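The values are calculated or read from the model by the stated rules, or taken from the named source; none is laboratory data. All values derive from a computational prediction rather than experimental measurement. Cβ coordinates were reconstructed from backbone atoms using ideal geometry, including for glycine residues, and neighbour counts include every protein chain displayed. The area values use the complete protein model at the heavy-atom level, side chains included, leaving out ligands, DNA and RNA. Shrake-Rupley method; radii C 1.70, N 1.55, O 1.52, S 1.80 Å.
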Amino acid sequence: MSCIRLLFAGALLLSVCRHAAAQMQMSAEEEEMLEEMGIKGSPMGRKNLEPMAAPIKSDLKYIYCGVCRKMVDVAYDKSQQVLEKRFAYQKRRKRETVEFDGEAEVQEFTEKMCNPLKPEGEWVARIDLAQEGEKLLLATQPDVGKCGRECRTVEAACNEVLDRADTDFTEILYKAIKDKTELEQVQRYICNRAAGVCKKKAPPLNKQREVDETFVPLTPEEKQMQDMQANLKESGMSGTMY
C-alpha cells in the first residue's frame with residue numbers, strides 16, 4: 001500500500017507541477033487531494049481573488065501636502081542610511097576612485113516607496129486617514145494595516161507627488177544628504193517647489209467624508225502571507241503555492 005500511495009503522490013505532484021508551469025493554479029479537487037495527504041496551507045498568488053480597492057478620489061486634494069511631507073521624511077531617512085558611507089569616505093590619494101551604488105539605491109527605493117505591498121512602501125499601509133475638524137490628517141499606526149480604500153488613496157497621492165516632482169525628488173534628496181540640509185528645508189524644496197502640492201493650504205473639509213474606513217491591522221500570519229505574495233510577484237511567479 002505504501003508503494004501505491006507513493007506512486008499516487010508522485011503522480012499528483014507531477015500534475016501540480018504541470019499546472020504550475022502553465023498557469024501556476026490548481027483546481028479545487030487537487031487542493032482537496034493534497035489536504036487528504038496531509039499537505040495543507042493557504043493558497044497564495046491567485047490573480048483577481050480579491051480585487052484591489054479603489055482610492056477615494058474626493059479625499060485626495062486634502063492629503064497631497066501631508067503625503068508629500070511624509071514621503072520626504074521616509075525617503076530622507078533611507079537616503080541618509082544609503083549615502084552616509086559615500087559622503088563620509090575620504091580619499092587617501094588624489095587620483096583614487098571609489099565606486100558607490102548609493103544614487104541608484106536611492107532611486108530604486110523611491111520608485112517603490114508608494115507601493116504598500118513592498119517593504120519600501122509599508123509606511124503607506126500604516127496610515128489611517130482621520131478627519132479632525134476641517135482637516136484630513138495622516139495618523140500613522142504602529143502596525144501595518146489591510147490595504148483598503150484609504151490605503152489606496154494614500155498610494156495614489158504618493159504616485160501623483162512622484163509624477164509632479166519627477167527627477168527633482170531624488171536629485172534634491174541626494175544634494176540634501178551631501179550638504180546635510182535639514183529635513184524641514186528638504187520638505188519645502190520638494191513639496192512646495194518641485195511637486196507644488198504644498199504651495200497653498202489644503203481646502204477646508206467642511207462636510208462628512210464619503211468613506212471613513214476603520215483601520216484594521218494585519219495579523220502576523222496575514223503579514224507573512226502578504227510578504228510572500230509580494231515576493232512571488234516580484235520574481236514573476238503567480239498562482240497557488242503551498
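Points worth noting:
- For region 65-80, the condition of being assigned to a helix (DSSP H, G or I) and at pLDDT below 55 holds for none of the residues.
- Qualifying residue in region 81-101 (condition: on the phi < 0 side of the Ramachandran plot, modelled with pLDDT of 90 or more and crowded, with 18+ Cβ neighbours inside 10 Å): no
- Number of the exception - A53 against (1) outside any loop (DSSP other than H, G, I, E, B); (2) modelled with pLDDT of 75 or more: (1)
- For region 122-157, a residue qualifies if it is open to solvent by 60 Å² or more (accessible area, probe 1.4 Å) and part of a helix (DSSP H, G or I), and exactly one does: R149.
- Checking region 180-189 against the condition returns no match, with no residue being of a type in the set (S, T, Y), touching a residue at least 24 places away in the same chain (Cβ under 8 Å), surrounded by 18 or more Cβ atoms within 10 Å (Cβ to Cβ) and part of a helix (DSSP H, G or I).
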